[in-house]
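What follows is a short report on a single structure.
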There are 2 protein chains.
Amino acid sequence: MPKIVNHDQRRELLAEAAWRVIRREGLEGVSVRRVAEEAGMSLGSLRHYFVTQSELLAFSMQMVSDRVNQRIMKLAFNGNPRHDIEIVIRELMPLDEERRAEAEVWLAFSVRAQVDAALKELSQEVHGSLYDGFRKMIDMLVKMKLTPEDIDAEQETKRLHALVDGLVVHCVLNPERLDSDEIWRIVMYHLDRIIVNR
Amino acid sequence: MPKIVNHDQRRELLAEAAWRVIRREGLEGVSVRRVAEEAGMSLGSLRHYFVTQSELLAFSMQMVSDRVNQRIMKLAFNGNPRHDIEIVIRELMPLDEERRAEAEVWLAFSVRAQVDAALKELSQEVHGSLYDGFRKMIDMLVKMKLTPEDIDAEQETKRLHALVDGLVVHCVLNPERLDSDEIWRIVMYHLDRIIVNR
DNA sequence: TGTTTTTTAATACACATGTATTATTAAGAA
DNA sequence: TTCTTAATAATACATGTGTATTAAAAAACA
C-alpha cells in the first residue's frame, strides 16, 4: 500500500500558506507556484491536493469561516446576555494575531467574491449567518426587556452588524489609527447604549 | 504646432475606463491593455498619459477621493446641524449609481493599499480626513447641546465613522441583503439616537 | 500648402502565470 | 525484501503581462 499522509491536514497546511501570501502580497499575489513555495512544497505536490487554483482559493476562503465557526461552537455561554454577546463578538474581531489574520484574509476574499462567482455564495452565506446571529442577540435582549422601549429590532441588528464589520475593516485597513483595544472599547460603548440595566 | 488635446480630461477618461474594469473584473483585472481597450484607445496611447501601470492606478484611486471632495465642497449648508450632517454623509454612501461606483472602486483600492505602498498614503489620508469630518459633526452637536449628556465625543466619532463605513461595505458586498434605501434608514436611525431634540 | 510636434499605432521582448505531462521517489503490505 | 501505489519533482506549453521601441498619422501655425 502507498505512503499515507493526512490529506485534509495537507490541504489546511496549503491553505495556511495561501493566507500568509495573501497577507503579505494580497490576493493578486497568490499564484500556485508562490503558495507551493510558501508551503515548502513543489508545484506538482500542490496539484495533488488542489487540481486548480480556484479550488485552492475556495478552500482557503472556506477555512476562514470554518475556523471562526469552530471557535464559536466551543464557547462557554453562561446565560448572561451581555456576557454571551460579548464572547461571540470577540471571536469576530481582529483582537489578536489569529483573528487579525482571519479578518485580513476574509476581507480580501469578500472583495474578490464581488467578481468571482465561485466565491460569491460563501460570502453571501456568511453575511446572512452573521445577520442571523446578531438578530438572535438583539431578540434575546428585547425578550428579556434589557433594551430601551423604542428600539426597532431589525434596525438595531443591522446597526450592530454594520458597526462590528465597520470596526473590523477600519482596524484591518488602518491599524495605526485604530488598534484592537480601541475597537473593542467602541463595541463595549455601543453595547452600553443598547443594553439597559434594570 | 501640434494637435492639442486636453491632457487632464484624457487622463480622467482613462481612469473612468479603469473604474469600469475594476467594477466588472476586479482590480486584478486591470491590465494596461484592458483599460486601453475599455477606453477605446491603443496601448501606446494610454502610455502617453500614464507611463506606468502604477501611475494609472494611483491616479484612478485619487480621482475617487477628488470627486467626493468636490461634491462636498459644493454642498449647500444651512446651519441646521442635522441637515448639514445628513447632506455630507449622503455624499459618502452608495445611494445612487455614481456613488455606488465610487464606493466599489474605493473599497478595491483600500484593500490593495494594504500591500501596495504607492496607494497606502492616500488610503490613510482619506481615513484621517473622514475621521476629522465626523469629529467636527459630533463636536458641533455637543457644542449646541444636541446630544445626550453622557456621550464621549471621540467614541461617538469612531462609532459613527465605523457605522457609515460598515454600511457602505455591506451595501457594496451584499446589495441583495442591504439596499441603498435601507442603509440610509439605518444612518437616520443612528442620528435619531445621538441627536436629541430640546 | 508645408512644417513641426504631439498623439497614435504596431511590434517586440522578457517574464510570470495556470495547467498538463512525465519521470522519480517513498512508504507500507505481502 | 519486493511489489504496488500514492506522493513528489521536473519540465513543457500556451497565454497574458508590463514595458520599451519604432514607425505612422494628425493637427495647428507659417
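Observations on the structure shown:
- Failed criterion for A:VAL105 (all others in (1) within 15 Å of DNA strand C (Cβ to nearest atom); (2) assigned by TED's automatic domain parsing to the domain that holds A:LEU173 hold): (1)
Conditions (1) touching a residue at least 40 places away in the same chain (Cβ under 8 Å); (2) closer than 17 Å to B:ALA15 by Cβ, marked per residue:
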site	(1), (2)
B:ARG47	no, yes
B:LEU57	yes, yes
B:SER65	yes, yes
B:GLN70	no, yes
B:MET73	no, no
B:PHE77	no, no
B:ARG82	yes, no
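- One residue from B:GLY44, B:GLY40 being part of a loop (DSSP other than H, G, I, E, B) and within 16 Å of DNA strand C (Cβ to nearest atom): B:GLY40
Residues are listed down the side, and each one gets a yes or a no for (1) surrounded by 15 or more Cβ atoms within 10 Å (Cβ to Cβ); (2) at the interface with another protein chain (Cβ under 10 Å from one of its Cβ atoms); (3) modelled with pLDDT under 95:
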{"site": "B:ALA101", "(1), (2), (3)": "yes, no, no"}
{"site": "B:GLU125", "(1), (2), (3)": "no, no, no"}
{"site": "B:ILE138", "(1), (2), (3)": "yes, no, no"}
{"site": "B:LEU141", "(1), (2), (3)": "yes, no, no"}
{"site": "B:LEU146", "(1), (2), (3)": "yes, no, no"}
{"site": "B:GLU156", "(1), (2), (3)": "yes, yes, no"}
{"site": "B:ALA162", "(1), (2), (3)": "yes, yes, no"}
{"site": "B:ASP165", "(1), (2), (3)": "yes, yes, no"}
{"site": "B:HIS170", "(1), (2), (3)": "yes, yes, no"}
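- Some residue of the range B:76-94 being of a type in the set (Asp, Glu), more than 14 Å from every other protein chain (Cβ to nearest Cβ) and within 16 Å of DNA strand C (Cβ to nearest atom): no
- Count of residues meeting criterion [among the hydroxyl-bearing types (Ser, Thr, Tyr) and within 11 Å of DNA strand C (Cβ to nearest atom)] in the range B:47-67: 1
- Criterion violated by A:MET61 - all others in (1) in contact with a Phe, Trp or Tyr (Cβ under 8 Å, 6 or more places away or on another chain); (2) away from every other protein chain (no Cβ under 14 Å) satisfied: (2)
The values are calculated or read from the model by the stated rules, or taken from the named source; none is laboratory data. Small disclaimer: the values here were computed from a predicted structure and weren't measured. Virtual Cβ from ideal backbone geometry, glycine too; neighbours counted across all protein chains shown.
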